[in-house]
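**Student:** Take this structure first; my questions come after.
Every number here is computed from the coordinates shown, using simple stated rules; none is lab data. A quick note: this is a predicted structure, and the numbers were derived from the prediction, not measured. Here the Cβ positions follow ideal geometry from the backbone for every residue, glycine too, while neighbour counts run over all protein chains shown.
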Amino acid sequence: MAYKWPDKDKDELVDYSVDWSRFIDKDTIASVLWYIKDAAGVKTLVIDSDLVDGLQFVTGTLVDKVTTARFSLGTSNKRYTVICGITTGNGLVYERSIFLRIREK
């Protein structure tokens, strides 16, 4: 199952978050990885300022149980699949896929 974030204009610099608190309860987040699927469906790991099919992952942050990614650019009328993966302090591994559509506002 994939989640959906609000649409983004290609000219915006926007933060989008995933709140993991209901999934990991009393556990903690030990590490976070962000991915963007390219046009061929290949999951590409992104770090600061990486660009995949026109969408730029600017940076990621972690505060308590909320992971946040900052995005820039993007191709108009394209729907991207962004994946947030975490490893918890107890060694559990989770991934969430989120759709992000680029629309002119």
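**Student:** Given the conditions (1) in contact (Cβ under 8 Å) with a residue 12 or more places away in the chain; (2) on the phi > 0 side of the Ramachandran plot; (3) not polar (S, T, N, Q), which single one is not true for residue 10?
**Tutor:** Only one criterion in (1) in contact (Cβ under 8 Å) with a residue 12 or more places away in the chain; (2) on the phi > 0 side of the Ramachandran plot; (3) not polar (S, T, N, Q) is unmet by residue 10, namely (2).
**Student:** Here is a follow-up. Considering only region 20-39, how many residues are assigned to a loop (DSSP other than H, G, I, E, B) and either over 30 Å from residue 54 (Cβ atoms) or of a type in the set (Lys, Arg) (or both)?
**Tutor:** Qualifying residue count, region 20-39: 4.
**Student:** Something else: Tally the residues that are surrounded by fewer than 16 Cβ atoms within 10 Å (Cβ to Cβ), of a type in the set (Val, Ile, Thr) and either without any contact (Cβ under 8 Å) to a residue 60 or more places away in the chain or assigned to a strand (DSSP E or B) (or both), restricting the search to region 53-105.
**Tutor:** Total satisfying the criteria: 7.
**Student:** Let me ask something else about it. Could you tell me which numbered condition residue 50 fails, if it satisfies all but one of (1) within 17 Å of residue 11 (Cβ to Cβ); (2) surrounded by fewer than 16 Cβ atoms within 10 Å (Cβ to Cβ)?
**Tutor:** (1)
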